[in-house]
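Here the structure comes first, spelled out in structure tokens, and everything after it is commentary.
The values are calculated or read from the model by the stated rules, or taken from the named source; none is laboratory data. On a predicted model such as this, the values are computed, not experimentally measured, just so you know. Reconstructed Cβ throughout: ideal geometry from the backbone, glycine too, with neighbour counts over all protein chains shown.
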Amino acid sequence: MSKREADSEERLLPRAEPRLMLGFLSALVVSFLLVQAAAIVITPTRLLLSSDRAFLVEVSTSSWEKPRSGWLYVLHATGVLLLDPESGQVKGRIQAGRAPEMALSPDGGRLYLASGDQLSVIDTAYGEPLQTVGLRYRWEYKVWPERPVMAVSPDGRWLYISKMLPGRGDAANARYTVATFDTTAGAFLPEEAQIAKGYGTVLIPSLGGFQILHMRTNEVRFLQLAPSGAIAEMTTLPLPERSSADVEIQLGLARGGGFWNVRDGLLLPDGHTLITIMGDGRMQEVDVNSKKISRILVKDGLPDRWVPWRRPVCTPDGSKLYMAVGRLATRTTGMVEEILVIDTKTGQQLATIATSLPFLSLAMSPDGQYLYAPTLQASSLLVIDAVKYREMRVIKDVGSMPALAVYAP
């Protein structure tokens, strides 16, 4: 074939059009991207509205199993973990908003979770919020929960929440109230109980009302509420003061705020015996019905020890009380290192349990066999034999800064 014939033959062959080539390359790119996308699992984000459709709910749940008796709800920096203490495995996670706080209903069916300016009612079987309502001005902690500010009545009907309404200047000028949430109606009562000089108070509900332990005034206030939520009746019971001579010995730590005054308390299972605990470990037995001190349970204060705003626990029969205490030398850390075991009949100290790590609070198993103590800095949970009075083991990697644990009944 001559060169002329070859050139003529080439001109007769079809040429690829630029548009066809571009379309072919685009199809290849799209096919490649589709193949890559098939390997990516996208989890949809479910945005929930509050019960009144006024705001988005901050609470979300992942990998939840139905709780078993003896499992723990652990409050940590970003929400709540559901933990099996026997295996040390996390069985569920609830993500929450700012400064989360929690309280569990007596039957374990509802978890009340406050975060940011919201209160969510969680169905514990599924870990999902059944209802979310607005909650402004609740008393929020700055770093970790120092004291209980949410509490459920023994019959589960009422949820009490401490609030601090803005005032002029510092916290001393703020207005303090207790809001009452009707768990049956799913709504707050229209009025709130006004608590004069409310800084440094602890809520302890009982049937028919609740008690306020007031650190600054060193007294118990017995409150009965009207149907509106306002105070209908209040009785005040002054508690014993520590002698000025004793106070001076303790490096002046009692100045400005009643450091040795009442710090916490516990209503025993009988429903009418309230144990009030002072900052130095002294204890009184108060009858809720008569609103009087029945007897002095522990007369003398502890040497070189202090009692934090942390709820003590007791055995199911109420015969033993377990109280967290710390050394005065490390008081500024807010952590404690020991557990005192007190016989509630005699006031005798049965044992002192030293822990391997500083901890923040205590929880007791329903059978009274074990104690659990969250350790803030180590993000761990101490497991303690409550019968043999010794630490058994440490459960590690329990969320971020765990502060409080509550047992599933």
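What the table shows:
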item	result
Residue selected from the range 71-89 under the condition in a loop (DSSP other than H, G, I, E, B) and of a type in the set (Ser, Thr, Tyr), by the criterion surrounded by the most Cβ atoms within 10 Å (Cβ to Cβ)	THR78
Cβ-Cβ under 8 Å pairs, at least 6 apart or on other chains, the range 280-300 side free of Cβ contacts under 8 Å to residues at least 12 places away in the same chain and more than 21 Å from GLY326 (Cβ to Cβ), far side surrounded by fewer than 21 Cβ atoms within 10 Å (Cβ to Cβ) and not aromatic (Phe, Trp, Tyr)	ARG295/GLU285
Residues being acidic (Asp, Glu) and under 26 Å from the mean Cα position of the chain (by Cα) - total across the range 270-287	2
Scan of the range 91-135 for residues that are farther than 25 Å from PRO205 by Cα and either more than 17 Å from the chain's Cα centre (by Cα) or outside any strand (DSSP E or B) (or both), ordered by number	LYS91, ALA96, GLY97, ARG98, ALA125, TYR126, GLY127, GLU128
Residue under evaluation PRO129, criteria (1) in contact (Cβ under 8 Å) with a residue 12 or more places away in the chain; (2) under 21 Å from LEU376 (Cα atoms), criterion not met	(2)
Filter result (part of a loop (DSSP other than H, G, I, E, B), in contact with a helix residue (DSSP H, G or I) (Cβ under 9 Å, 6 or more places away or on another chain) and either modelled with pLDDT of 95 or more or crowded, with 19+ Cβ neighbours inside 10 Å (or both)) within the range 302-329	PRO308
Subset of the range 377-409 [in contact with a Pro (Cβ under 8 Å, 6 or more places away or on another chain), over 23 Å from LEU266 (Cα atoms) and buried (at least 18 other Cβ atoms within 10 Å of the Cβ)]	SER380, ILE395, VAL398
Cβ-Cβ under 9 Å pairs, at least 6 apart or on other chains, the range 136-156 side free of Cβ contacts under 8 Å to residues at least 60 places away in the same chain and assigned to a strand (DSSP E or B), far side small (Gly, Ala, Ser) and surrounded by fewer than 16 Cβ atoms within 10 Å (Cβ to Cβ)	none
